[in-house]
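Contents: one structure, followed by commentary.
The values are calculated or read from the model by the stated rules, or taken from the named source; none is laboratory data. No experiment lies behind these values; they were computed from the predicted model shown. All Cβ positions, glycine included, derive from the backbone under ideal geometry; neighbour counts span all protein chains shown.
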Amino acid sequence: MKDQQHFRLTAICSSDRRMDILDTRRMLDTPVNTYEVCCTTCGFPNIDKTPDTYFIAKGRDFSGIEVMEADMGNLFVSNRVKKILEILCPDQCEYKRTFIYQTGIPTKWWLAIPNTMVINGEVKKNIKRCTTCNQPMHAHPGTQYKFWLHELAAPADIAKASNWYSMDEDDWKTGWIGRDVFLSVRLISLLKIISAKGFEKLSLGERKYKSLTKAEKDWVEQSIVKIGNLKDNVKFEVTSDKLDKFKHHFSVTNMPEAIIAFEKKFKVSANEITKIICSIKSGTQIDIGFDSPFVIEDVKNWESTKTKTKLVAFAFDEFGNNLLFSPTDKNCPLYFYDHETMLYDLIQLSILNLINP
Ligand SMILES: [Zn+2]
């Protein structure tokens, strides 16, 4: 039997505050998502079962940030990075949509759950364990672990630790638990080249894997070719050209009364895109490839979601489905609401993309 090929992996960390941790007095506090409890004695969660609806509390929209650490050794990735990983590392992760905290509104971030597990540490024998499930009561990586690896070899480019650590040395419940996530050095090199930012690797002094081998370099070169246009991080910008095309497409003439009515009704100030949406004549049709088009209503019939992050429904079809936009986001993402499933779907990162794909 042929040995499975192994790659050199290194643990990564995100320099920013985590999107799925609510308060960060220490590094890991209250998780946004609720995990199933595995053990009723110590309350240890089922750390391998990702909650069905995965919430994030703070969306990050910094330029170039596309890979962030998530809870339990998972990652948040952009749509572009998801597509790249599906090409280069097929079947190495499961991907789940994420939702704005306590809503059914999807965000642009994907949760990538690595399928490959590695062991990067072992809790010392003298650490107290739960008498029922045998999980350690605490597992600080600095003092309560026999060893702790930041670099290792695995048969995949993405892996997460099956073992866990706690920030607290006396009780994992004071704070929360974490697991390391690993990327291959060749994949990290590729992500750096294509400017997919948001994560850091170990400082050079701490690393054994200092530079790429010939085989790793070759893989990076071939992969860049393989991903084609995805190597370019096309940043979305609201330009006057895009606004003009959008206005032209929907034959928009300024309707200042509609803008005032919108601002009064939803208590938000209209940005450049919103002003145009307000000025589209009622009755105008929007085709998003469905059987029947969506028809824009008069501003006075628009409806807003009762969620903290408000979406405004402005176009409806004959079945009761509607199109919504997010008026507080400068790009005005476009959402679809399915009246049967009562689910929201993010269909365009900006409504302008309806005209400028
Ligand atoms: Zn237990």
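On the stretch given as segment 297-307, residues that are under 31 Å from the mean Cα position of the chain (by Cα), modelled with pLDDT of 85 or more and surrounded by 14 or more Cβ atoms within 10 Å (Cβ to Cβ) total 4.
Considering the conditions (1) farther than 30 Å from Lys210 by Cβ; (2) more than 21 Å from the chain's Cα centre (by Cα), Asp52 is excluded by exactly one of them, (2). Apart from one condition, Pro327 fits all of (1) surrounded by 15 or more Cβ atoms within 10 Å (Cβ to Cβ); (2) not in a loop (DSSP other than H, G, I, E, B); the exception is (2). For segment 25-48, the tally of residues that are within 16 Å of the ligand (Cβ to nearest atom) and either farther than 22 Å from Thr131 by Cβ or part of a loop (DSSP other than H, G, I, E, B) (or both) stands at 12.
Of the strands (runs of 3 or more DSSP E) lying entirely inside segment 141-192, those carrying at least 1 residues that are among the charged types (D, E, K, R) and touching a helix residue (DSSP H, G or I) at 6+ places or on another chain (Cβ under 8 Å) are 158-161. When residues in segment 250-290 are screened for being exposed (fewer than 14 other Cβ atoms within 10 Å of the Cβ) and under 25 Å from Glu318 (Cβ atoms), 7 of them pass. Within segment 193-202, being of a type in the set (D, E, K, R) and either part of a strand (DSSP E or B) or surrounded by 22 or more Cβ atoms within 10 Å (Cβ to Cβ) (or both) holds for Lys197, Glu200. Is at least one residue of segment 52-61 closer than 30 Å to Ala313 by Cα, free of Cβ contacts under 8 Å to residues at least 24 places away in the same chain, surrounded by fewer than 15 Cβ atoms within 10 Å (Cβ to Cβ) and not aromatic (Phe, Trp, Tyr)? Yes, segment 52-61 has at least one match.
For every residue, the table says whether it meets (1) touching a helix residue (DSSP H, G or I) at 6+ places or on another chain (Cβ under 6 Å); (2) on the phi > 0 side of the Ramachandran plot; (3) among the acidic types (Asp, Glu); (4) in the same structural domain as Ile105 (by TED's automatic domain parsing).
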residue: Asp244; (1), (2), (3), (4): no, no, yes, no
residue: Gly283; (1), (2), (3), (4): no, yes, no, no
residue: Val295; (1), (2), (3), (4): no, no, no, no
residue: Lys308; (1), (2), (3), (4): no, no, no, no
residue: Phe316; (1), (2), (3), (4): no, no, no, no
residue: Asp338; (1), (2), (3), (4): no, no, yes, no
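If you filter segment 120-143 down to residues that are touching a residue at least 24 places away in the same chain (Cβ under 8 Å) and β-branched (Val, Ile, Thr), you find that the one that is farthest from the ligand (Cβ to nearest atom) is Thr143. Filtering segment 141-174 to residues that are among the small types (Gly, Ala, Ser) and under 23 Å from the mean Cα position of the chain (by Cα) leaves Ala156, Ala159, Ala161, Ser162. For segment 144-166, the condition holds for no residue, the condition being that it is in contact with a Leu (Cβ under 8 Å, 6 or more places away or on another chain) and of a type in the set (Phe, Trp, Tyr). Scanning segment 71-116 for residues that are part of a loop (DSSP other than H, G, I, E, B) and more than 23 Å from Tyr344 (Cα to Cα) returns Asn74, Cys89, Pro90, Asp91, Gln92, Asn115, Thr116. The residues of segment 308-318 that are in a loop (DSSP other than H, G, I, E, B) and at pLDDT 90 or above, listed by number, are Leu311, Asp317, Glu318.
Only residues that are closer than 11 Å to Asp329 by Cα and either out of contact with any Leu (no Cβ under 9 Å at 6 or more places or on another chain) or outside the structural domain of Asn301 (by TED's automatic domain parsing) (or both) were counted in segment 270-279, giving 3.
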